[in-house]
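Below is one structure, written out as structure tokens, with a few remarks after it.
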2 protein chains.
Amino acid sequence: MFDFNYFTPTKVVFGKGTESRVADLIKEFGGRKILIHYGGGSVVRSGLLKRVTDTLDEAGISYVTLGGAVPNPRLGLVYEGIELCKKENVDFLLAVGGGSAIDSAKAIGYGVANEGDVWDFYDYKRKATGCLPLGVILTIAATGSEMSDSSVITKEEGLVKRGYSSDYSRPRFAIMNPELTMTLPDYQTACGCTDIMMHTMERYFTNGGNMELTDALAEGLLRTVKKNALILCKDPKNYDARAEVMWAGSLAHNGLTGCGNDGGDWMTHKLEHELGGLYDVAHGAGLAAIWGSWARFVYKDCLPRFKKFAINVMEVDESGSDEEIAIRGIEAMEEFYRSINIPTNLRELGIKATDEELALMAKKCAIGVGGEMGSAKVLNEEDMLAIFRASM
Amino acid sequence: MFDFNYFTPTKVVFGKGTESRVADLIKEFGGRKILIHYGGGSVVRSGLLKRVTDTLDEAGISYVTLGGAVPNPRLGLVYEGIELCKKENVDFLLAVGGGSAIDSAKAIGYGVANEGDVWDFYDYKRKATGCLPLGVILTIAATGSEMSDSSVITKEEGLVKRGYSSDYSRPRFAIMNPELTMTLPDYQTACGCTDIMMHTMERYFTNGGNMELTDALAEGLLRTVKKNALILCKDPKNYDARAEVMWAGSLAHNGLTGCGNDGGDWMTHKLEHELGGLYDVAHGAGLAAIWGSWARFVYKDCLPRFKKFAINVMEVDESGSDEEIAIRGIEAMEEFYRSINIPTNLRELGIKATDEELALMAKKCAIGVGGEMGSAKVLNEEDMLAIFRASM
């Protein structure tokens, strides 16, 4: 067991109609001039954006808006947001949307609160010393960015996708109304569930310092998401299932499911970041398309954890050797992905990469992680390429 | 499922030797003049207090000290602390100890930050509008006060024990070094485990709005504490078991295990508060001495939850009727209490109450809760008396 810090200051306001409390929350956290940052047209079409601006108007809170955050949010829009905030003297950011809008807002927040190029933080060149305070109205259960310290931005030049984490960017509040997620396309709902589970699985498959309590929480969370993801496939308007998944999304990535371990593995995420940078795939689907190949490549080096996962999460038959049980767990996970219509390899994801492209992704990934990385098994460039190839 | 708020801003610094970081944390949260509040002599004898004051001296942080917080901490000492803080211009409280020191410090914090008599808050007369910021070095895993919004104070006159909760009193930081709990007497360790489990069980046995995710986390936490409490009976210096229990203590009472439910039952706590006020028993032991009688009195009105608890937490045989399974779970819990040498009734607790004393406790309890209370089953004064009698 390793020492750990745990810091989740975000005030969560969870339930039906909670977006109506946005003005009170902004005031509570001292916001006077707001940048409302959102993604595509869905928050406009659904009327959510109008409800939010009406609430702010009523409360006499001044704001500007910036839409356009896309999945794998782009650095160009971040720069635009920073300029806008400086010009308008914005002192509080409100992200309305999912991980794209929130991550983009976090990057804008870093850019406003720190001198110099904000990309430096994502490029591991220096550390932020602050971030503009941020609130969230969540519309997709997936990334957990609404309580996490992390954000991922893609630089257009070279399609470089990088993450940066610091406690400064943890949102001050997160409004979570499960009803807002009911209109999501089924594929996005399923991708969200995949992402949520992977955030906890990345922390679970380690070779260092596990806590029984953390394991018990992680396993309970994974079982709950698995069950409710299947419910949402058939009944997307099921409020309770939406709520279970939404709250799981926050807990899966706020640090709770990693307490006491070595920080986690995170190689599936790193490999997927290369996919996402190059092909602009849905993050959750990209993760699932990589995971099986990653798992088969590493499980022998992390056998006790894969066995525990197979039994306590996938609830497979416990007969046979540890390796057989572990493989049964991996197969059950892939079967679960298929049952919610999520791809389990690059082909199913619609990617026909050449060997050169796979080699380029492995190379970029290795550079991105500083040569090698992983806890279940430490991977170098050659290993990464082998996993990419196996996932074709 | 009910809507909920979740707010746990406490920065947790968990692990070996973490008390050495106290000065940095106080500075991080803006403390300049500190009141160090502690309980009995153990933090003095162990050298912990000296290590803390040495660290503050080195960092140039000014402080005054106030010891003497006792189990079921007293209002008189709270008044003394408030006076001392005002006289010395204290702007930050540091509680070194367990629930007694932390709860007492929270009450001092309310008293300094609000005009008038601090008892008013505990007497339900008015609400606090602030609390002096507070940090904690935890030495006992039990009450969860290090992350919770609650505190319990006993007024000497009439031995009235009352709780008050507000987010203002949530500690800014909590330093948790499991090693500091290794020298606790076995009985206190076991009482702590009982208290921790009860904080989650109070939230679990409800007739309203349960979330599957919350249940999964609660059940995992309860199983983990149960297992590690048994380990600590035989091996009190087991670091990992100490750590599991310590972290569980915080998560059991910071709100996590109650998300989505109706707020919980809490009648075992209310009944125990009367015991604790009148007889000065260890809180955890008092809870256990009441719980079995409470459970048998209410389980038919909350059968699905008692059945779920029996199967998922106590892991009993699932044969027979729901009632049989529920009773098997209650019996298994009592057997667990006995196995860690914790009393399961008032007699074993060493209390020989007269019928007049039981009636007085039931009456005070009913007044304290405003007539009647409970979620598993709503209890009035007559019910409370019946439970006290059954627990003799």
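Read-outs throughout are calculated quantities, based only on the coordinates presented, and are distinct from any laboratory measurement. Values in this document were obtained by computation on a predicted structure and should not be read as measured data. Every residue, glycine among them, receives a Cβ derived from its backbone with ideal geometry; neighbour counts consider all protein chains shown.
What the table shows:
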quantity	calculated
Per-residue HN-Hα couplings for segment B:363-376 [Karplus 6.51, -1.76, 1.60; θ = phi - 60°; Hz; x = Gly/Pro]	5, 4, 5, 4, 4, x, 9, x, x, 8, 6, x, 10, 4
Fewest-first ranking of B:206, A:129, B:181, using other Cβ atoms within 10 Å as the exposure measure	A:129, B:206, B:181
Neighbourhood charge, 14 Å Cβ-Cβ cut-off, centred on residue A:167 and excluding it, Lys, Arg +1 and Asp, Glu -1	+4
Amide H contacts under 5 Å for residue A:67, placed H, 5+ residues apart	A:38
Charge sum, other residues only, whose C-beta stays under 12 Å from residue B:145's C-beta, Lys/Arg counted +1 and Asp/Glu -1	-2
For segment B:136-248, share of DSSP beta bridges that run antiparallel, in % to the nearest 5	65 percent
Table column - 3J(HN,Hα) (Hz), segment A:284-293, Karplus curve with 6.51, -1.76, 1.60, x for Gly and Pro	x, 5, x, 4, 5, 5, 8, 4, x, 5
Pairwise Cα inverse-distance average, inverted: Kirkwood Rh of chain B (Å)	21.1 Å
Helical mean residue ellipticity (222 nm; -39500 (n - 2.57) per DSSP H run of 4+; nearest 500) of the protein assembly as shown	-15500 deg cm²/dmol
Euclidean distance between Cα centres, segment B:341-392 to segment A:21-46, Å	50 Å
Relative contact order %, segment B:109-158, counting alpha carbon pairs below 8 Å whose residues are six or more apart	32 percent
Evaluated at q = 0.08, 0.16, 0.19 Å⁻¹: base-10 log I(q)/I(0), Debye formula over Cα of segment B:184-390	-0.25, -1.05, -1.45
Simple spin-label estimate for residue A:27 and residue B:239 in nanometres, 7 Å along Cα-Cβ	5.1 nm
Cα extents of segment B:1-97 along the three principal axes, largest first (Å)	48, 33, 27
DSSP beta bridge pairing in chain A, given as percent antiparallel to the nearest 5	25 percent
Calculated label separations, residue A:262, copies of the chain, 7 Å along the beta-carbon direction, nm	4.8
Segment A:99-179: radius of gyration over Cα atoms, expressed as a fraction of 2.2 N^0.38 Å	1.07
Environment charge of residue A:285, counting only residues whose C-beta is closer than 14 Å and scoring Lys/Arg +1, Asp/Glu -1	-4
Length-normalised contact order for chain B - Cα pairs under 8 Å, 6+ apart - percent	16 percent
Karplus (6.51, -1.76, 1.60) ³J(HN,Hα), θ = phi - 60°, over segment B:168-179, in Hz, Gly and Pro reported as x	4, 8, 5, x, 6, 9, 9, 8, 10, 10, x, 4
Virtual spin-label span in nm between residue B:91 and residue A:280, 7 Å along Cα→Cβ	5.2 nm
Exam field: residue A:64 pseudo-label spacings to other copies (7 Å along Cα-Cβ), nanometres	5.0
Rg in Å to one decimal, and Dmax rounded to a whole Å, for the protein assembly as shown via C-alpha atoms	26.5, 87
DSSP-defined beta bridges in the protein assembly as shown - what % are antiparallel, rounded to 5	30 percent
Selection of chymotrypsin sites (Phe, Trp or Tyr not before Pro), segment B:116-204, meeting DSSP coil and at most 16 other Cβ within 10 Å	B:124
For segment A:11-180, alpha-carbon Rg relative to the globular expectation (2.2 N^0.38 Å, N residues)	0.94
Position residue B:386, label points 7 Å along Cα→Cβ, spacing to each other copy in nm (shortest first, one decimal)	6.8
Using alpha-carbon coordinates, inclination of helix A:267-279 to the longest axis of chain A, degrees	60 degrees
Separation between Cα centres of segment B:276-340 and segment A:118-149, rounded to whole Å	44 Å
Within 10 Å of each Cβ in A:215-223, the average number of Cβ atoms from other chains	5
